[in-house]
Amino acid sequence: MTTTFVDGAGGRELYPVNRDDPRLAFFDDTHHGALRIALRPGRAVLSFIDQTGRTLDSSTVTCQEV
């Protein structure tokens with residue numbers, strides 16, 4: 001299974017997100033920020049960091065080592 005992460009850190013104005021989309025695990029349409037992905041053996045640590053440096057959401061997912 002492949003998991004896709006989308007980060008809209010393009011620097012433009014914010015726009016509303018379809019909150020009813022069942023594919024979304026996390027969204028934030030009120031803060032500018034970026035997705036930080038730290039790869040570790042067998043896992044990826046994901047954090048959404050806002051422009052002030054605050055972590056607004058974080059999670060860890062397992063990865064297949066190849």
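The values are calculated or read from the model by the stated rules, or taken from the named source; none is laboratory data. Predicted, not measured: the structure shown is a model, and the values here were computed from it. Every residue, glycine as well, gets a Cβ built from its backbone with ideal geometry; the counts of neighbours run over all protein chains shown.
Of all residues in segment 4-24 being at pLDDT below 80 and not acidic (D, E), which is nearest to S58 (Cα to Cα)?
As a first pass, look at segment 4-24 and keep what is at pLDDT below 80: 4-12.
If we keep only those that are not acidic (D, E) as well, we get 4-6, 8-12.
Values: T4: 15, F5: 13, V6: 14, G8: 16, A9: 16, G10: 20, G11: 21, R12: 23 Å.
The residue in question is F5.
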Next on the checklist: Quick check on T2: is it among the hydroxyl-bearing types (S, T, Y), free of Cβ contacts under 8 Å to residues at least 12 places away in the same chain and surrounded by fewer than 11 Cβ atoms within 10 Å (Cβ to Cβ)?
Outcome noted: yes
Checklist entry - For segment 17-34, which residues satisfy the criterion of being of a type in the set (D, E) and surrounded by fewer than 10 Cβ atoms within 10 Å (Cβ to Cβ)? => result D20, D21
Next on the checklist: On the basis of being in contact with a Cys (Cβ under 8 Å, 6 or more places away or on another chain) and closer than 19 Å to T3 by Cα, does L46 make the cut?
Outcome noted: no
